[in-house]
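The values are calculated or read from the model by the stated rules, or taken from the named source; none is laboratory data. No experiment lies behind these values; they were computed from the predicted model shown. When we count neighbours, we look across all protein chains shown, and the Cβ atoms used for this are built from the backbone with ideal geometry, even at glycine.
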Amino acid sequence: MTGRHRRFTVSSGDEGNRLDIFLALQNIALSRSQIKRAVEEGKVLVNGHTVKAGNRLKRGDVVEISLDASSPSVLEPEPIALDITYEDSELLVLNKPPGIVVHPAPGHFHGTLVHGILHHCQDLSGIGGVMRPGIVHRLDKDTSGLLIIAKSDFSHHHLAAQFKARKIRKIYKALVYGDVEGDAGEIVLPVGRHPVERKKMSTRSRHGKEAMTLWRVVKRYGVATLLDVEIVTGRTHQIRVHLKSMGYPVVGDAVYGNPRRADQVTDARQRGALRSMKRQALHAGKVVFTHPTSSELLEFTAPLPPDMEDLCRMLESGRPIQ
């Protein structure tokens with residue numbers, strides 16, 4: 001094989017996944033079609049043998065892929081403005097604005113948060129690989145809020161272990177359609193790949209992983225509700241999928257929401273406000289974790305970004321008098 005070589009071992013959490021889906025989740029900067037082509041060309045091996053893209057993986061399988069030499073291998077630092085909430089020699093906590101991609105992926109090889117972090121820090125942890133150095137966890141492009149970045153391999157290992165042991169608390173603000181029934185609760189439903197639409201996640205996946213989401217009402221606007229949402233597990237799109245399963249999709253969610261929900265709102269000001277939200281109204285507003293070296297319990301918060309703050313204000317002003 002030529003080009004850059006990557007090697008992965010299948011964990012119990014990925015057992016049962018198709019080979020092409022497994023590789024698409026490894027952030028190797030290849031699209032599904034590129035991965036399929038690499039499999040067909042014999043550039044992907046499972047336990048030393050060529051297999052089909054739809055091959056179901058087992059725990060302990062060793063997957064190897066040779067990336068084309070033309071694929072980006074070195075990221076160039078870019079002077080991107082960073083909203084730094086906290087920084088020391090071991091880690092960074094950033095407040096990510098909506099609309100920026102965290103790490104390079106197909107179609108986003110420049111202008112990502114990683115490019116800006118590389119410009120700010122010269123010696124990031126390399127555990128995440130060349131495409132996502134220092135990245136311990138991620139946020140979707142259109143989700144705003146707090147993100148932890150490891151500066152050293154020790155801190156990366158330590159923080160990753162905290163995530164795995166579910167010792168890091170992440171609490172989001174989510175604005176959802178509807179007047180949520182009850183003041184607090186939990187959602188316990190497995191989350192996995194949608195059985196038909198493979199780019200989406202679903203609570204009805206054949207290979208769903210256990211997932212738990214806790215929620216609490218912060219503010220009611222009649223046509224919408226602002227929630228505090230804490231994820232006990234960290235599955236892909238977990239909050240958006242779980243809230244949709246409750247019947248309260250996140251406002252502005254183009255993947256799991258229903259754009260016609262805004263059209264059903266009778267108050268013109270509220271209807272216009274909801275239509276104005278061009279991304280999912282989801283913000284990682286609080287994170288609590290243990291510092292890797294000092295063992296100090298750290299807690300950081302980030303206020304609602306302007307678009308969500310403005311939307312909530314407009315919903316409040318257009319709310320009928322009780």
Handout entry: Complete set of residues in region 204-237 that are surrounded by fewer than 18 Cβ atoms within 10 Å (Cβ to Cβ) and among the β-branched types (Val, Ile, Thr)
Key = VAL217, VAL218, VAL232, THR233, THR236
Handout entry: Checking MET308 against (1) under 18 Å from LEU139 (Cα atoms); (2) assigned to a strand (DSSP E or B), the condition it does not meet
Key = (2)
Exercise for the section: Go through the residues of region 302-310 one by one and say whether even a single one is in the same structural domain as ALA174 (by TED's automatic domain parsing), closer than 20 Å to SER89 by Cα and crowded, with 20+ Cβ neighbours inside 10 Å. Expected result: no
Problem - region 230-256 residues that are under 13 Å from TYR172 (Cα atoms), paired with ones that are part of a helix (DSSP H, G or I) and among the polar types (S, T, N, Q) (beta carbon under 7 Å, 6 or more apart) - result: ILE231/GLN238
Handout entry: Subset of region 268-293 that is at pLDDT below 95 and surrounded by fewer than 16 Cβ atoms within 10 Å (Cβ to Cβ) - its residue that is farthest from the chain's Cα centre (by Cα)
Key = ALA268
Problem - GLY126 at pLDDT 85 or above and of a type outside the set (Asp, Glu) - result: no
Handout entry: Those residues of region 169-203 which are more than 16 Å from GLN238 (Cα to Cα) and surrounded by 14 or more Cβ atoms within 10 Å (Cβ to Cβ), in sequence order
Key = TYR177, GLY178, VAL180
Handout entry: Any hit, region 272-280, residues being in contact with an Asp or Glu (Cβ under 7 Å, 6 or more places away or on another chain) and polar (S, T, N, Q)
Key = yes
Practice task
Could you please find all residues in region 238-255 being crowded, with 20+ Cβ neighbours inside 10 Å and either in contact with a Gly (Cβ under 8 Å, 6 or more places away or on another chain) or within 17 Å of ILE187 (Cβ to Cβ) (or both)?
Solution key: GLN238, ILE239, ARG240, VAL241, HIS242, LEU243, LYS244, TYR248, PRO249, VAL250, VAL251, ASP253
